[in-house]
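Structure record follows, encoded as structure tokens.
FYI, it's all coordinate maths here, none of it is from the lab. Just so it is clear, the structure is predicted and the values come from calculations on it, not from any experiment. Cβ placement follows ideal geometry from the backbone for every residue including glycine, while neighbour counts extend to all protein chains displayed.
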């Protein structure tokens, strides 16, 4: 450690300290008694903003959910509707028509 | 608040401002904000001296921590989201020093501040605490929350580097 060099540095810092002291704000006892009203107001403002945003988000989510959920009765295909006529009823008409009606008459079999 | 604490704060007020000024890189308006916020912490009971260290080193630790909080808040405000939010809430404020204040700064003082700003933060801090605030290396280690050995190392390196910077700055001017 070189004391001479330290002294030079010390002088520099002392000059800076003097300059800072001149520009320092004056001591005010109210500084340590001041209420933190402004800060709490700012804090509450932030909270109000956050809560409002969260509420808007929730409302929009609920609305979106309601509009996007389909009604099952209208949304299901007609496949699940109960048939009103007997099963394979339409096939009876086909069975009545002979399958060999295009054959010549001498080849047509007539069963007794 | 106790009368004794209030008296101690009053006697340390200018030194505390000097320390806040150093923690804020010479920005007067920010230093005033930081010091006021530190006082508010005391007034609100969010900081209390336990008696484990001297009042001065404890108080300087509080100021340093408050300055770091302020720095983080400033960075947040400078971010895009922060800008939008603070524009919306109308709480934006200019933290730059006024031109008149900058002119008021003595050239020699400004030169020292410029050289200090070129040092690593820890080195600049320990030099400020020792030469400006007249703290011992042990007290500086308490404020900086690092070991005495590290403080000594930062102190020696910082002094050497600061001398070099000041010499080169003087050579450049002449």
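Can you put A:58, B:144, A:49 in order, fewest other beta carbons within 10 Å first?
Least crowded to most crowded, the residues run A:58, A:49, B:144.
Per residue of B:7-19, count partner chain C-beta atoms within 10 Å of its C-beta, then hand back the mean as an integer.
For peptide B:7-19, the averaged partner shielding equals 4.
Starting from the Cα of residue B:53, step 7 Å along the direction of its Cβ; do the same at residue A:64; then give the gap between the two resulting points in nm.
5.0
Dividing the convex hull volume of the alpha carbon atoms of the stretch B:1-67 by its residue count, what do you get in Å³ per residue?
73
Given labels modelled 7 Å from the Cα in the Cβ direction, how far is it in nm from residue A:105 to residue A:54?
9.4
Could you compute the FRET efficiency for residue B:138 and residue A:46, with r as their C-beta to C-beta distance and R0 at 35 Å, rounded to 0.05?
Efficiency at R0 = 35 Å is approximately 0.30.
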